[in-house]
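Step one of this worksheet: look at the structure below.
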């Protein structure tokens with residue numbers, strides 16, 4: 001009885017906690033308002049690869065969400081978590097780079113979603129001159 005009560009309590013705690021959110025910043029860009037407009041993009045690797053000659057976008061960073069259970073990456077609650085972070089990074093769009101479900105002990109599942117924050121690639125002439133250190 002105590003074990004089952006503990007399992008019920010622990011599962012409620014996990015559900016109540018919500019997703020874990022991590023950010024990785026790769027390129028500095030001017031921040032935008034927290035509710036900025038973002039495009040949802042379906043990108044191929046050659047669209048964002050720095051080595052690809054026709055790359056259209058550059059990755060400013062990543063927002064990674066992890067949560068117990070099998071999750072839909074387009075759930076409104078995830079958009080609410082990703083949007084202000086992507087805007088703060090200066091993003092123009094968001095693409096799902098990875099959405100994976102893993103199985104843990106006792107049949108538990110967890111989802112990890114990697115949202116790439118991107119902007120249109122700037123021409124080398126449009127880039128600012130290097131700052132002095």
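The values are calculated or read from the model by the stated rules, or taken from the named source; none is laboratory data. Computed from a predicted structure; not experimentally measured. Please note: Cβ atoms are built from the backbone with ideal geometry, for glycine as well, and neighbour counts cover all protein chains shown.
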- [ ] Within region 38-54, count every residue that is farther than 24 Å from residue 112 by Cα and out of contact with any helix residue (DSSP H, G or I) (no Cβ under 6 Å at 6 or more places or on another chain).
- [x] 4
TODO: With the checklist (1) closer than 26 Å to residue 123 by Cα; (2) out of contact with any helix residue (DSSP H, G or I) (no Cβ under 7 Å at 6 or more places or on another chain); (3) modelled with pLDDT of 95 or more in hand, flag the one item residue 84 doesn't pass.
DONE: (1)
Open item on the list: Restricting to region 47-71, name every residue that is without any contact (Cβ under 8 Å) to a residue 40 or more places away in the chain, part of a loop (DSSP other than H, G, I, E, B) and touching a strand residue (DSSP E or B) at 6+ places or on another chain (Cβ under 9 Å).
Closed with: 50
